[in-house]
Amino acid sequence: MSRSLKIVHLETSLEEALKAEHALNKGKLFPEIKVVGTREQLKKTVIDFSPDIVLCEFSLPDIHCAQVGEVLKESNAYIPFIIVSSAISDEMALEILEIGADDYVIKDQIDRLPFAVLRSLEKHEFKNQQQHLLQQLSNSELRFRTLVENSADAVVVLNTEAVPTYVSSAVTNVLGYTPQEIFEMDIFTMAHPEDLEGLSNVMMKVLANPGVPVQGHTGRMLHKDGSWRWIEATVTNMLHEPAIRGIVDNFRDVTDKKASEAKLLHINRLYALLSQVNRALVHAPDQQTLFREVCRIACETGEFLAAWIELIDTNGKTRTAEASGVKREHLAQFNKAQNEVTAILKSQPFYVSNNTALIPFSGPWKEAAAVAGYKSYMVLPIKRSGVTVGCFNLFASETDFFTQAETNLLEEAAAGISFGLDYFEKERLKTESDNQLKHKEWRLSQAQAIAHLGSWETDLATATSFWSDEACRIYGLPENDNVQTGASWLTFVHPDDLDYVVKMNKHALESKQATAYYNRIIRKDGQIRYLHVQTHVEVDDQGKAISLYGALHDVSEIEKSQQALRNSEYNLRAIFENTSEGFILTDSHATIKYFNSKARYFYSLTIGKSIVLGNTLMDSINDEKREEFNQAIKDVLSGQVKQFEHAYGKIKEKKSWLSVTMTPVVENDLITGLTVNMTDITDRKMAQDLLQRSESNLNAIMNNTDALLYSLDTDLRYITYNHALESLMQERYGVKVQPGYDIRESLSRFDPGEAAYWEEINRRALGGEILKFEKELPYNGAYSCLKFSIHPIRKNNTVTGLSCFVNDITREKQADEKVLKALEEKNVILESIGDCFFAVDRNWTVAYWNKQAENILSCPKEKILGRYLWDVFPDVKDTLFDQYYRMAIEQNTIQHFESYYERDSAWFEVTAYPSASGLSVYLREITERKRAESQLLELNKNLQNYTEELIDSNKGLEQFSYIVSHNLRAPVANIIGLTGLLSQHKFSPTENEELLQGVLVNVRRLDDIVSDLNTILQVKREVSENKEPVQMQELVNNIRASIYNIIIQERVEIQTDFSAINNIFTLRSYLHSIFYNLIMNSVKYRQKDIDPVIRIKSEVNNGDIIILFQDNGMGIDLKKKGGQLFGLYKRFHHHVEGKGMGLFMVKTQVEMLGGKINVTSTVNEGTEFRILFRSTNF
């Protein structure tokens, strides 16, 4: 500025005024400032001082900021004013804008004040210039109007056929034609094609409104010189006037006016662009927001077709930081020539082309500009600290768009962007410096707290000590109680250590040497702490001690840990000595270093010798087993785990077995020895033998009964069946039953026409219902009566099949009918039968009660005959007996059923026969048969479970066998081929070296594969690990901490939501591995230029636990690769290192925990893994 900046500051606090002045001087404005505090002072100073700008507090006791504008208007001072206040709420910000303040600055951000002042002054100058332009335009329009009014407008009168009947001489001034030429032409042919429709509408309006002038119609007419002129016309229909009888068209040339309006509009638009860019500079919180706002403003306010900002990295390569109005495919084409653009900016301050077709850029750039409709182009440099770091690209839709004035404005906008970058950089460096200082102070405090290390310093002249915060905490004092005297300090020292402490400090002062010692203190709460103290003496120039300072370390926990370690060693030895397992520890040479008493016992039984420390495991092995055992030890010391079973003789006439596990001991990734664990598995062996015998007994029971026994899967195919069913189906129906045979295929043979009946039976049974019924089936012209009992087979509350029992009761039915018939004739027969029989009339009065009924139901005849049945047996009311008896009478159908009678604790098979006189009931006790059936059902259920477990094991074995054969085949084949070449041919030393190197590479591949397979086997073995409560949030925090550097480097964001469930009871190591692999998978396969976001969430659905892992990564084409997703060594992206084991291990561990995992994914959008754990597993 040519003169000093004048500022009036409306503020009552001198301190705040000085802060504002300091900030302005810091911004190199060095203004002349007048500080006032009242309305009258403000008004007088504005008049006398003539300030450039006013700064004011939002509200003062004598004046509110809203009144500042009134004072300025009263004083005819049209200058900007800025609100400087402690805090600005949203409501205050709105009020500030309404009262006309130019800007506001928060006092906590007073460093923004110079920037705000400069921008407000620039905005005020801009407004003044705009008003000056508007005034010039107004004067120009006045002069133009005067000229028009004093000159003859062109007037043409048209008849009803639009033929001129009168043309004024002024038409030559407007269109260049003489009046005679106008008479001879069709005036409508002179209109611009794009204006014909509007002209037609005007003429329709004119014709419809006689006598009413239609003013202001503007259109283009062809001048005689071939140019198009803008014509403004007033047209009046005077056809009704006899003196005129025509349409009067009074028109004038407004071409210059239209051009001025367009230019003014264009300039205003650019000024508005600059103003909004300046506003964005003030309010943008960061660089990216500034770039986004500038590009948006350029397109929306500046009406540029496209705008984007490119940044240049340290290698000279460019990238698009922000863009607006440009299509991605066009942007890609322009980027190919961006190096040409940056090269131009190295030699000139900016580049402008008002015709993109003439730009000396590459062909793709021009083609993209032509397709997008870009006619003019301008690029301006963006600088940070005076160095070009990017460029601002602008495109317009018309040629000759950029004039010198517009270029100057856009240069100013680019300079503003550069100013913003400098500001952001300074703020960044300041924030970084502040954070580093705070971090160092915090780290020092944390280090002392973590290490329990305090410091102190004693002034010997005053005997006053200053303690650090951690020293206060160690002594149990508040952190602010850090000034102590020597006397107060000694009150904390343990009485037994007091003399020793005083002696050590005295020695330090006398010798002026550093001293270290241990002592105890007693805190005020009575707690005893152990300290390690180090002292140092500071002397003056004469060698006199002036201060004693040092550090104290709270070693109480170390002391406790050492005591705990001693106790732990004692307890561990006690555990080893009292465990039921034998334990031997050796070094890397298999030399015995430790063994427990149980190991001594097992060793003596199996080897026949005493175990001795210092001997090797090989010392006790006989020659026959020595080589095999030696190889086993080598395998274990190479990292393998060996497990075998060993029969070691008979104890108490019983063969005994040991399970021996040899495991490598690893310390700091080195194998330092091995352990031998020996467990007596005699009971387990006996249980396995018992299970085999149980299965044999089950087969014997199934195949030694006349009942038909079989089981079906959910597709109604045979799983198991006994010999009776196999023989019946073959002999009667010619059907050869075998596993997998669909029972419905033989339905038409053994029960023709009843398909719908059996479909309903199967539906109900598979729905979980237990069904018992009788069915007559045709055979050889007669009917056989079969009794069916169908039970669903369940696994994890899901029906997995049906267990079926069928008895041929044809003979029993025939016998029942004969008994009923004989009953009517000879009661003596009823008395002689071995089963219970009684009869009641329709009023439930007992009419007959045989001898067996007396015995079985424990009720003499004299107490029941002639009595109401339910009075004697009230406990039978509303039971199955009651229901079926009534059903027999009401439906007049024979009812056959089985039911348990609580009073006698017995099962009965009951047949109820209705008759005209009442009901006859036949009961047979079947308690023993029901027990046998229950045992048979349980055995069948166990067999089904064993079958399913065997199927699952076989599937796992098949998969593992395939992996072993498939993945070992290639390296083994390569090794065989290479060794064959080495043995059969003579090669040069170089060729031999290459072949041996090839063998070594394949051996390493083979070792990697074996290691991977061993890891998989280890996962399957570790499922026996004890379960424990696990907090999923804590698990994620631990993983986040373990990969902290990766998270920072890759800018990973991990979001968690365990509000549904956080704690689960499971194997911690498995769940940690699952979470770790899925998180690392998301980090590895992130999208380029997109920060990884990983969302982990828990849900509970019907008691089941669901864990969701979502990311925004590269995604997977599940249509092509979904079937291989969880396969071993399957990889789908090769731009990062990996083995293809992660997802295989995740699926294996999820399934070992009893869960399921599935995935949904979209390429370039992300992936979601969904893990389901049933409530029964947790």
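No lab work stands behind these numbers, since they all come straight from the coordinates. Here the structure is a predicted model, which means the values were calculated and not measured. Cβ coordinates were reconstructed from backbone atoms using ideal geometry, including for glycine residues, and neighbour counts include every protein chain displayed.
So here's what we get for this one:
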| item | result |
| --- | --- |
| Additional length obtainable on full extension of the chain from Val1159 to Asp541, 0.36 nm per residue less Cα span | 214.8 nm |
| Residue-averaged [θ]222 nm for the chain, counting only DSSP H segments that reach four residues, each worth -39500 (n - 2.57) | -14500 deg cm²/dmol |
| Residue exposure sequence - Leu10, Leu281 - by fewest surrounding Cβ within 10 Å | Leu281, Leu10 |
| Pairwise FRET efficiency - Ala332 versus Ser385, Cβ, R0 = 45 Å, nearest 0.05 | 0.90 |
| For Leu10, distant residues with modelled amide H under 5 Å away | Val36, Leu55, Cys56, Glu57 |
| Cα principal axis extents for segment 452-560, largest first, Å | 43, 27, 21 |
| P(r) weight above 14 Å for segment 72-140, C-alpha pairs, percent | 68 percent |
| Packing-based exposure ordering (other Cβ within 10 Å, fewest first) of Ile894, Ile1157 | Ile894, Ile1157 |
| Separation in nanometres of the label points that stand 7 Å from Cα toward Cβ, at Asn703 and Lys775 | 2.7 nm |
| Nearest-ten-degree value, helix 14-26 long axis tilted from longest Cα axis of the chain | 80 degrees |
| Anchor Lys593: lysines whose Cα lies under 29 Å away (excluding residues fewer than 8 positions away in-chain) | Lys560, Lys609, Lys625, Lys634, Lys642 |
| Helix 1142-1152 vs. the chain, principal-axis angle (Cα, 0 to 90°, nearest 10) | 40 degrees |
| Projected-area mean, segment 386-497, by convex hull of Cα positions, square nanometres | 14.4 nm² |
| Full-stretch length increase - Glu261, Glu1050 - with 0.36 nm per residue and alpha-carbon distance subtracted | 278.6 nm |
| Derived scalar couplings ³J(HN,Hα) [segment 664-677; Karplus, 6.51 cos²θ - 1.76 cosθ + 1.60; whole Hz; x for Gly, Pro] | x, 9, 10, 10, 6, 6, 10, 7, 9, x, 8, 10, 10, 9 |
| Taking N as its residue count, the alpha carbon Rg of segment 1047-1102 over 2.2 N^0.38 Å | 1.31 |
| Intensity falloff of segment 600-650 expressed as log10 I(q)/I(0), Debye formula with alpha-carbon point scatterers, at q = 0.23, 0.26, 0.30 Å⁻¹ | -1.07, -1.22, -1.26 |
| Projected label distance in nm at His494 and His532, using a 7 Å step from Cα toward the beta-carbon | 1.6 nm |
| Rg/Rg_ref, segment 810-925, where Rg_ref = 2.2 N^0.38 Å and atoms are Cα | 0.97 |
| Rounded to 10°, Cα long-axis angle of helix 404-451 versus longest principal axis of the chain | 40 degrees |
| Hz values of 3J(HN,Hα) by residue in segment 224-232 - Karplus curve (6.51, -1.76, 1.60), Gly and Pro given as x | 4, 7, x, 8, 9, 10, 7, 10, 10 |
| Convex hull volume per residue in cubic angstrom - Cα atoms of segment 262-430 | 104 Å³ |
| 3J(HN,Hα) from dihedral phi, segment 180-186, Karplus parametrisation 6.51/-1.76/1.60, rounded to Hz, x for glycine, proline | 4, 5, 5, 4, 8, 10, 7 |
| From the C-alpha gyration tensor of the chain, square roots of 5λ in Å | 91, 60, 38 |
| Distance in nm between pseudo-label sites at Ala687 and His132 (7 Å out along the Cβ direction from Cα) | 10.1 nm |
| Taking N as its residue count, the alpha carbon Rg of segment 214-317 over 2.2 N^0.38 Å | 1.90 |
| Residues Ile88, Ile1090 arranged by fewest to most Cβ contacts within 10 Å | Ile1090, Ile88 |
| Partner lysines for Lys6 [C-alpha distance under 28 Å; skip if fewer than 8 residues away on the same chain] | Lys19, Lys26, Lys28, Lys34, Lys43, Lys44, Lys73, Lys107, Lys123, Lys127, Lys426 |
| Tail beyond 23 Å, pair distance distribution of segment 151-253 (Cα, percent) | 18 percent |
| Distance histogram for segment 1031-1075 (every C-alpha pair counted, 5 angstrom bins, percent rounded to whole numbers) | 5, 19, 28, 24, 15, 8, 2 |
| Convex hull volume per residue for segment 582-680, taking Cα atoms only, in Å³ | 92 Å³ |
